[in-house]
Amino acid sequence: MMKKWFGASLLVFVLALTGCSEEKAKPEAKEKTEKRANEDQNTNDDLAGQQAEIIKNMEKNAVQLDPKALESDPGAYNEKIIKATGTITAHEEKGMGGSFEMKVGETTFKVMNFTMDSSFGEGSEVTVYGNVKNGKDAKSGLPLINATYIN
């Protein structure tokens, strides 16, 4: 009889502990989820702020591209951030990794789009920030610009 009481008491004790531990675990999981969501939001806000700062610095420090100067001295814009404003004459592929042709003054450039933006089309006037690649596009023979920001 003693063994039955001891066994029953032990069973009730284990069940009580199990019930208590589940109640405590649920709020902690909820708190962790909320904390992670807040951390993710803060990270997104930090990244957006950093990106805005990078774009602001790029716009401030960019050198206006002069196609004639580039033609006479292909190394004139090495290691410089350039700014080129022109009209899109042909749009081959949209989105990141795509390309389009842009006329700046009398010179047409092949622009490699390294941005997520593809909201522009033929006839659009855009300003491209990036760098000038040495050499020319193998397919079209046009000078190349790598665009890291398009406005």
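Laboratory data are not the source of any read-out in this text; all were calculated from the coordinates shown. Note that the structure is predicted; figures quoted are calculated from it, not measured. Because the Cβ atoms are built from the backbone with ideal geometry, glycine has one as well, and the counts that use them run over all protein chains shown.
Can you give the FRET efficiency for Met116 and Lys60, using 1/(1 + (r/R0)^6), R0 = 30 Å, r = Cβ-Cβ distance, to the nearest 0.05?
Working: r = 22 Å, r/R0 = 0.74.
E between Met116 and Lys60, to the nearest 0.05, is 0.85.
Of the GluC sites (Glu not before Pro) in the stretch 57-149, the ones in a loop by DSSP (not H, G, I, E or B) with at most 11 other beta carbons within 10 Å are Glu79, Glu106, Glu122. Among Met58, Met112, a tally of other beta-carbon atoms within 10 Å of each Cβ gives an order, fewest to most, of Met58, Met112. Among Ile54, Ile82, the order by Cβ neighbours within 10 angstrom, fewest to most, reads Ile54, Ile82. Note on the stretch 78-127: dipole from Cβ charges, positive end direction compared against Gly121, Ser99, Asn78; the farthest Cα belongs to Asn78. Note on Ser124, Ser72: ascending count of other Cβ atoms within 10 Å places them as Ser72, Ser124, the fewest first. Out of the stretch 88-151, which trypsin sites (Lys or Arg not before Pro) are coil in DSSP terms and have no more than 14 other C-beta atoms within 10 Å? For trypsin sites (Lys or Arg not before Pro) across the stretch 88-151 that sit outside H, G, I, E and B with at most 14 neighbouring Cβ atoms in 10 Å, the list reads Lys139. Under a 5 Å amide H cut-off, with hydrogens placed 1.01 Å from N, Val104 pairs with Phe109 among residues at least 5 apart or on other chains.
Applying 1/(1 + (r/R0)^6) with R0 = 22 Å to the Cβ-Cβ distance of Lys139 and Thr89 gives a FRET efficiency near 0.90.
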